[in-house]
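The values are calculated or read from the model by the stated rules, or taken from the named source; none is laboratory data. Model, not experiment: these values are computed from the prediction. Please note: Cβ atoms are built from the backbone with ideal geometry, for glycine as well, and neighbour counts cover all protein chains shown.
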Amino acid sequence: MLQKDINILAIETSCDETAAAVVRNGREVRSNIISSQIELHKVYGGVVPEIASRKHIEKINQVIEEALSVAEISLKDIDAIGVTYGPGLVGALLVGVAEAKAISFAAKKTLIGVHHIEGHISANYIENKQLEPPFLCLVVSGGHTHLVLVNDYGEFEIIGRTRDDAAGEAFDKVARAIGLGYPGGPKIDRLSKEGNGQAIQFPRAHIDGAPYDFSFSGLKSAVLNYINSLEMKHEEINRADVAASFQEAVVDVLVSRTMLAAKDYNMKKVAIAGGVAANSSLQKAMHTVCKENELEFYHPSPIFCTDNAAMIGTSAYYEYIKGISSGLDLNAIPNLKIGER
């Protein structure tokens with residue numbers, strides 16, 4: 001039994017958010033500072049890796065200093081440095097990893113490399129104090145769509161994954177096609193509230209022999225073909241109906257696969273994580289179906305769904321108390337798989 005509070009300084013730079021946080025005892029967020037680059041990348045319609053890396057270098061020191069200041073704590077009171085080392089953009093990851101290693105070496109603090117997606121899953125612990133493994137987690141973001149069995153803290157088993165586009169990637173591409181711009185997910189979520197989700201019947205892909213896997217490329221193509229066919233006939237496109245019908249199809253697939261897995265694996269607790277977990281339609285649908293099936297449902301607040309360092313600090317805490325740490329040879333691994341060390 002730990003007798004003292006454990007303070008983790010966490011760093012997250014996997015994509016276009018420069019973030020630092022201080023997390024106490026795994027679930028108490030003392031500070032969570034995020035410097036977003038959305039306005040920088042919006043003009044390009046997506047994240048430009050080199051721009052992201054340069055901005056991380058500019059911002060990382062001040063973000064860390066602010067995280068310590070807001071938490072009213074000094075570096076000497078920090079027990080370990082947690083940092084995302086993959087997956088993500090390699091240049092962006094390297095900025096955070098190099099910073100964490102420098103602080104670890106100079107301040108003689110334990111270094112803990114954290115998997116970005118494991119961090120997203122751990123975000124559920126922050127506000128749901130009663131949540132403990134085992135549970136089933138649907139991870140939905142711009143780069144990942146996974147169904148993960150969380151067997152214990154730090155112990156994950158992927159039982160379903162996307163075969164092509166991730167759900168968030170499909171949101172961004174469809175948003176671009178109907179003129180909403182970047183980032184697509186929140187914009188489609190807002191526009192969908194003005195449309196009819198039953199107006200257009202878009203396909204739901206099923207993969208033979210892989211009941212928990214996902215595929216969104218066919219759905220994305222169906223939306224693009226629908227838009228192109230109307231444009232060729234010079235007919236008006238109801239963007240709200242397109243957005244709502246597309247979102248309905250994505251949510252339907254995500255929810256149905258998750259419920260099938262929960263039943264087959266006899267899971268009584270279901271959680272969602274990742275950027276798309278902030279989608280209001282997905283949250284509502286999951287809440288409804290979990291209630292109907294007498295399952296406990298958990299999700300993070302929007303600030304902990306998108307990339308942030310608090311979730312990295314939470315994940316690092318559970319590694320720390322198990323005695324797991326990284327050496328100063330820690331490197332960025334852009335295609336890091338869940339469960340790899």
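Could you tell me which numbered condition Gly184 fails, if it satisfies all but one of (1) within 30 Å of Glu118 (Cα to Cα); (2) touching a residue at least 40 places away in the same chain (Cβ under 8 Å); (3) not basic (Lys, Arg)?
(2)
Only one of (1) under 25 Å from Gly323 (Cβ atoms); (2) buried (at least 18 other Cβ atoms within 10 Å of the Cβ) fails for Asn32. Which number is that?
(1) is the only condition that Asn32 fails.
Which one of these is buried (at least 22 other Cβ atoms within 10 Å of the Cβ) and charged (D, E, K, R): Asp264, Asp252, Asp307, Asp241?
Asp307
Filter the range 51-72 for residues that are within 25 Å of Lys187 (Cα to Cα) and buried (at least 18 other Cβ atoms within 10 Å of the Cβ); which is modelled with the highest pLDDT?
Among residues in the range 51-72 that are within 25 Å of Lys187 (Cα to Cα) and buried (at least 18 other Cβ atoms within 10 Å of the Cβ), the one modelled with the highest pLDDT is Lys55.
Return the residues of the range 135-159 that are closer than 28 Å to Phe216 by Cα, surrounded by fewer than 21 Cβ atoms within 10 Å (Cβ to Cβ) and either in the same structural domain as Val83 (by TED's automatic domain parsing) or not hydrophobic (A, V, I, L, M, F, W, C) (or both); say none if nothing qualifies.
Selection gives Gly143, Asn151, Glu155, Glu157.
Residues in the range 278-301: is at least one in a helix (DSSP H, G or I), among the hydroxyl-bearing types (Ser, Thr, Tyr) and surrounded by fewer than 17 Cβ atoms within 10 Å (Cβ to Cβ)?
yes
Name the pairs: first residue in the range 69-87 and over 7 Å from Val114 (Cα atoms) and polar (S, T, N, Q), second residue at pLDDT 95 or above and not in a helix (DSSP H, G or I), Cβ to Cβ under 9 Å, at least 6 apart or on different chains?
What qualifies is Ser69/Ser31.
Which one is farthest from Val150 (Cα to Cα), of the residues in the range 98-113 that are surrounded by 24 or more Cβ atoms within 10 Å (Cβ to Cβ) and out of contact with any Asp or Glu (no Cβ under 7 Å at 6 or more places or on another chain)? Explain how you work it out, then say what you get.
Restricting attention to the range 98-113, the residues satisfying the condition of being surrounded by 24 or more Cβ atoms within 10 Å (Cβ to Cβ) are 100, 112-113.
From what's left, out of contact with any Asp or Glu (no Cβ under 7 Å at 6 or more places or on another chain): 100, 113.
Values: Ala100: 27, Gly113: 19 Å.
Looking at residues that are surrounded by 24 or more Cβ atoms within 10 Å (Cβ to Cβ) and out of contact with any Asp or Glu (no Cβ under 7 Å at 6 or more places or on another chain), I get Ala100.
For the condition over 19 Å from Gly323 (Cα atoms), at pLDDT below 95 and surrounded by fewer than 16 Cβ atoms within 10 Å (Cβ to Cβ), what is the one hit in Val48, Val43?
Result: Val43 is the single residue among Val48, Val43 that is over 19 Å from Gly323 (Cα atoms), at pLDDT below 95 and surrounded by fewer than 16 Cβ atoms within 10 Å (Cβ to Cβ).
Can you pull out every residue in the range 20-48 that is without any contact (Cβ under 8 Å) to a residue 60 or more places away in the chain, polar (S, T, N, Q) and either closer than 18 Å to Ser301 by Cβ or not in a loop (DSSP other than H, G, I, E, B) (or both)?
Result: Ser31, Ser35, Ser36.
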